[in-house]
1. For the chain, what's the relative contact order in percent, using C-alpha pairs closer than 8 Å and at least 6 residues apart?
2. What is the angle, in °, between the Cα long axis of helix 114-124 and the longest principal axis of the Cα atoms in the chain? Nearest 10 is fine, range 0 to 90.
3. Around Asp31, under 14 Å between beta carbons, what's the net of Lys plus Arg minus Asp minus Glu among the other residues?
4. Tell me the net charge near Pro43. Cut-off is 11 Å between Cβ atoms, Pro43 excluded, with +1 for each Lys or Arg and -1 for each Asp or Glu.
5. Hey, what do the phi angles of the range 126-135 turn into as Karplus ³J(HN,Hα) couplings, whole Hz, using 6.51/-1.76/1.60 and θ = phi - 60°, x for Gly and Pro?
6. If you place +1 on the Cβ of every Lys and Arg, -1 on the Cβ of every Asp and Glu, and leave all else neutral, what size is the dipole of the range 44-139 about its Cα centre, to the nearest 20 Debye?
7. Taking the dipole about the Cα centre of the chain, with the C-beta of Lys and Arg at +1 and of Asp and Glu at -1, give me whichever of Leu50, Thr11, Gly39 is farthest to the positive side.
8. What residue among Gly69, Met59, Leu133 has its Cα farthest toward the positive end of the dipole of the range 44-139, where the charges are +1 on Lys, Arg and -1 on Asp, Glu, each on the Cβ?
Amino acid sequence: MTTTPSPVTVTESGIRLRQRIDAGGHVLVADEPREAGGGDAGPDPYALLLAALGACTSMTLRLYADRKGWPLEGISVRLDHERRYEKDCVECEGGDGRVSRIRRIVTLSGPLSEEQRARLLEIADRCPVHRTLVGPVRIETSLEEA
C-alpha cells in the first residue's frame, strides 16, 4: 500500500469557511470566494484539486524527460473544471446526469521532436494523481470524538 508521507489535516480557522491545511509540515489556506460566502483568502477545494493534478503532471513529465535525456526546458499545465450535463449520463451514479470534466492543457518548451512531445502527452496521463482521479477510489469516513 502506498500512502502519503504524513497525513493531511484540515481544520476550521475560526473564520467562516476558511480552512487551515497542515500537509507534511506545510501550512496552506483554503477558502471559498466572496460570492460563495467565503473571504477568498485562498484557493477553493476544486482549485486545490486542480493544483494537485497540475503539479503531479509537471513533476511526472520532468522526471520522464530527465531520465530520457530529452531537451525539455519548461513545463506549464493549465487546468479548469466544470460539471456539465451529459445526455449519455442520465443513468450515471448520482442520477443528475452531470459529469465532472477537467480540462488539462500542457505547454512544453524546448527543442523537442514531435515524437517526444507526443510521448510526453501520453505520460501526462500516467501521473499518480491522474490515475487516482480516473481509477476506482474508495473514501472511508469515520467519526472520532473530540
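No lab work stands behind these numbers, since they all come straight from the coordinates. Here the structure is a predicted model, which is why all the values come from computation and not from measurement. Here Cβ is always computed from backbone atoms with ideal geometry, including for glycine, and neighbour counts include all displayed protein chains.
1. On the way: 192 pairs, mean separation 23.7, N = 146.
Over the chain, the number comes to 16 percent.
2. Relative to the chain, helix 114-124 is tipped by roughly 20 degrees.
3. Numbers: positive: Arg16, Arg18, Arg20, Arg34; negative: Glu12, Glu32, Glu35, Asp40, Asp44.
So the surrounding residues net to -1.
4. Numbers: positive: none; negative: Asp31, Glu32, Asp40, Asp44.
Computed value for this residue: -4.
5. Once rounded to whole Hz, the list reads 9, 5, x, 5, 4, 4, 5, 5, 8, x.
6. Working: 16 positive and 14 negative charges, 45 e Å.
The calculation lands at about 220 debye.
7. So the residue we want is Leu50.
8. Going by the charge dipole, the pick is Gly69.
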